[in-house]
Structures are given as C-alpha cells and as structure tokens.
Amino acid sequence: MLPTPFEFERTSTIVDAVSAVGQEGEGMFYSGGTELLLALKMRVIHTERLVDIKGIPGLDRIVLNDANELEIGSRCTHKRIAGDSVIREHVPALASLCANVANVRVRSVGTIGGNLCFGEPHADPPTMLGALDARLVLQGPDGTRSVHADDFIRSELETVREPDELMVVIVFPRPTGPVTYRRFKHGERPSVNVGMAWSMEAGAHSIKSARVRVGALGSRPQPLKAVEGVLKGLPVDDAHRAIQSVLAEALDELDINEDRHGSADYKRHLAGVLLLRNAEEAVAMRERAK
Amino acid sequence: MTNVQSISFSLNGQPVEMEIPAHTLLIDLIRDRIGLKGTKRSCDMEVCGACTMLLNGEPISSCTTLAVDVDGKEVTTIEGVTPLSGLSRIQKAFVLHGGLQCGFCTPGFIMAVTALLNANPHPTDEEIRHYLHGNLCRCTGYVKIFEAVKSLAAKQVSENAALPAARQRKFRLETS
C-alpha cells in the first residue's frame, strides 16, 4: 500500500531536526525507514511530515572515547556497525549481531537508532545493549538526557522517547570480559534471544559482575537477576554449574508471551538452552584469552 | 514546504530529473512512472527480495524505499544489468543451472548476486548463503540457485558462455 501523503524535509543539524519535528502537526524523524515506512505503508501510523536526518554530520560516528566507552552514533546502519574495526575489536559479538539483522537490504539502510526507537519486541539490539549496560542519549528542544537501555523500551512498540527527542548516540563501557549473544529465529525475527556480558578485572579469573538479558519473550528485554547474582564473584570455571543451579528459578521469573512460534514452556526452555550455550562460549573465550 | 520534491538521479547510467510527491515509493516510480517493469513487487515488506534494486551499488528493497532518497544517487535495476540482446554472465549461470522456474523472484536474485559479486568476486559457500538469505524463491528449493552462484564464484561461466540449444530462447530486453 502507499503511505498517505506527507511533507518531506531534509535537515543538516540536530537542532534544526528537533525543531522541525516539534513544529505544529505531527512530524517524525526519518533515516533508513526500514521499520517506519512499513508502518506508514500499512497505515497503522500516520505522519504529516518526515524529517530526514541523513544529512546531519556526526550521527554515524563510532569511537572509543577518552572515558574508555564506546560511542555508536544513532544513525549507524547495521552494515556499518558489523564492518567497523573498533566494534569488531572490542565487541565482536555486537558486530556479528548486526551482520545478522534481517537481511542484506535492511542492513544497508536500517539504523541501530531506528531499531531501538521502534521498540519492536523481537529485535536483537535492545537485548544486547541492555547486557552491555548502554545508555542512550536523547536530544530534545530543552537539551539532552540519557536513558539506560533497560529503561528505554516501555512496552511493545513504545519507548520513553518524546516525539521531538532525537536519539543521537549510544554509549557503553568498553567490555572487560566476554560478551556473547545468541538468538533463535523463526523466519525473519528472533523468537528468543539472550545477550550476556561479564565484566572482569584485568588478568583475574573470577567474574566481577555479570549482566544477562533475555529478549523477544515478553514486551521488552528482561534481566535474569538470579543468574547475575550467582555469577558475581565466581571463578569463571564454575560459571556453567552455577547457572544450572539457579536456571529453573530464573526462567520462572520471565514474562513470556505465547504465540504461534511456541508456548511459554517451549520458549522458556529455549532461553535456558541459549543461556547455557552463551556461558560455555564465554568460558571458552576466557580460555583462549589466557 | 510542500509534498512535491524535485529529484535527479542516474537510472542505469542515464540521468533522470523529475518532480514527485514525497510519499512516492521507489518501485512505483520505476515501474509505473518510468515504465521499467523488470523489477517485481511481491511481499511488499522487505522480506522476499523480489524488488531488489541497487542504490550506489548496495542492494535495497525498492518497495520500502522513498523515491526522494535516490536524489543524487545511482539506481541500477534488472534492466541495467541485462544486455540489449542475450543474457549477462550471471543470468546465463541461472539458466545453465536451472536456477529459476516461474521467474518471479529472479530479477531480485540477479540484483543481489550482482551486488555480492561486485563486493566479493569469490565468495565462499557460507558467504553466498548468508548474502542470499534474504531472497525468497518458492520454486527451486534454492539448491540450483546456490549452484549457479557457486559456478560464478568459481569463474566457470563467462560473458560469452553458450547456452545449450534446449535452453535457448529469444531473450529480448523490453523497455517502454
């Protein structure tokens, strides 16, 4: 179907883009359009004005900053992140995640910021960014604010972002331990995904802290607190056994939507399998790094 | 500000300038206003790959791309990679290996393979599968398509490869 008519405006600064969206009438930021255009074509959402942010310089930057954090501009395409040397060096699991989002056409235009702002519950990046302890920087008419990745998506297709706030950059600490990610897919979108990041002191063999997120099950990514708790301070070699000891309890706490891709029990089981495989991979990564 | 936008772009090497409503989709511009019907619309939601075109050499879903976004860029469609008579090397490989049956998905596959081989002339089996994962074919079961692309990766099919008599047709590029 054709979208209903809208006006189209190209902008070259963040301030102009924010003010253009904030004008009278409903406006929306627009970049790759891989999610937005689908919704406009189905006419489930309507806009009077698309504000193109592709001409704003700097939003596709990827750097390791002076605070030892990685910064990924919101307008980076999945393809750009997958091929970026900084990401491949410091967070190869994120590069590989982005190399497997949807298909080659979506990856060449779809952006990580757009993916997050759409709040699609079956997306990969929100789960991973939660595990990576990321904060998302939003710029609106009254300045900027940071929202933790865990708090950004409120529910299905709903985020805490105001319509005239532009996501500008995603920031997370450079991982100091293994980062792993696995997903189980039916067709185009994951039906379960699990992201896991362990932070470790340099040279140590025990886990300082662990962050584990499960996505695509409920309306937003969920932490596995019991698993995180049991891993804290544990020697790496004991991780697998420790996770198994709390696995049933941790999985029971998950909020799971049953759908045509499976029952809650089935998906809970899948999440457990992916989690243990992630843990095995993380341990193996430590072995190799020794 | 208005809904009407001026765009100028290169279509298969030819300059195009026109005015379009901002909500025009690229596939409609190319098929209905310009009249190149080789590109097919199928799923209309970026999943099947039938409508694949190249934008500055990168594959995109033309069903879910705004025509205003090609302003200042190069668009390549199936007509742009097809010789005026006969077939290209990639098309020949598909014919030789039986990589098409009904043919509806074929223009999209040819465009995706064109982009793949431009970026990576000798892809591994895994790279071929990963790249073509987003193109759907309901006839062939993919094995024949995969074999066609493998033969291209191994340089087994050249531009002047002859097609066996049983597979020869009067291939003629139709442009309006």
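Every read-out reported here was derived from the displayed coordinates using simple, explicitly stated rules and does not represent laboratory data. In this text the structure is predicted, and so the values were computed from the model without any measurement. Virtual Cβ from ideal backbone geometry, glycine too; neighbours counted across all protein chains shown.
General remarks:
- With contacts taken as Cα pairs under 8 Å at a separation of at least 6 residues, chain A carries a relative contact order of 14 percent.
- Compactness of the stretch A:226-290 - radius of gyration and Dmax, Cα, Å: 13.5, 44
- Across the stretch A:261-276, rounded Karplus estimates of 3J(HN,Hα) from the backbone phi angles (6.51 cos²θ - 1.76 cosθ + 1.60, θ = phi - 60°) give 8, x, 7, 4, 4, 4, 5, 4, 4, 4, 4, x, 5, 5, 4, 5 Hz, Gly and Pro being marked x.
- Calculated FRET value between A:Thr144 and B:Ser85, using beta carbons and R₀ = 51 Å, to 0.05: 0.30
- Residues A:Glu24, A:Glu188, A:Glu71 arranged by fewest to most Cβ contacts within 10 Å: A:Glu24, A:Glu188, A:Glu71
- Taking one quarter of the surface of the convex hull spanned by the alpha-carbon atoms of the stretch A:179-289 gives a direction-averaged projected area of 6.6 nm².
- GNM flexibility winner over chain A from A:Asp252, A:Asp60, A:Asp84 (Cα, springs under 10 Å): A:Asp252
- As a rough footprinting exposure proxy, the listed residues B:Met45, B:Met53 were ranked by other beta carbons within 10 Å of their own, and the order from fewest upward is B:Met45, B:Met53.
- Rounded to the nearest Hz, the phi-derived 3J(HN,Hα) couplings of the stretch B:110-125 under the Karplus curve 6.51 cos²θ - 1.76 cosθ + 1.60 (θ = phi - 60°) are 4, 5, 5, 5, 4, 5, 4, 6, 5, 7, 8, x, 10, x, 6, 4, where x marks glycine and proline.
- Here the Karplus relation 6.51 cos²θ - 1.76 cosθ + 1.60, evaluated at θ = phi - 60°, turns the backbone of the stretch B:25-35 into coupling constants of 8, 4, 4, 6, 4, 6, 7, 8, 8, 8, x Hz, with x for every Gly and Pro.
- 10 Å Cβ neighbours from other chains, averaged over peptide A:24-32: 1
- Overall shape of the stretch A:62-173 was characterised from the C-alpha gyration tensor. The equivalent ellipsoid obtained from it has semi-axes of 20, 17, 12 Å, in decreasing order.
- Between the listed residues B:Thr82, A:Val91, A:His148, the Cα displaced farthest toward the positive end of the dipole of the protein assembly as shown, a dipole computed from Cβ unit charges relative to the Cα centre, is found at B:Thr82.
- Largest first and in whole Å, the equivalent-ellipsoid semi-axes of the protein assembly as shown read 40, 29, 19, each the square root of five times a Cα gyration tensor eigenvalue.
- Dipole of the protein assembly as shown, positive end: most advanced residue of B:Ile110, B:Pro21, A:Val192 [Cβ charges, Cα centre]: B:Ile110
- Bins of 5 Å, starting at 0 and running to the largest distance - Cα pair percent for the stretch B:51-142: 3, 13, 23, 25, 21, 10, 4, 1
- With neighbour counts taken as other beta-carbon atoms within 10 Å, the residues A:Ser74, B:Ser62 rank, fewest first, as A:Ser74, B:Ser62.
- Taking 0.36 nm per residue of separation and subtracting the Cα-Cα distance, full extension of the segment from A:Ala39 to A:Glu287 would add 84.7 nm.
- Lys-Lys pairs in chain B that are eight or more residues apart or on separate chains and whose Cα atoms lie under 29 Å of each other come to 20.
- Label-point gap, in nm, between A:Asp252 and A:Asp66 - each point 7 angstrom along Cα→Cβ: 5.1
- Cα radius of gyration and Dmax for the stretch B:18-76 (Å): 10.5, 29
- Gaussian network model of chain A, springs between alpha carbon atoms under 10 Å - residue of A:Val171, A:Val18, A:Val230 with greatest fluctuation: A:Val230
- With semi-axes defined as the square roots of five times the eigenvalues of the C-alpha gyration tensor, the equivalent ellipsoid of the stretch B:89-161 measures 17, 14, 10 Å, largest first.
- B:Lys155 versus A:Glu24: modelled label distance in nm, points set 7 Å from Cα along the beta carbon direction: 6.6
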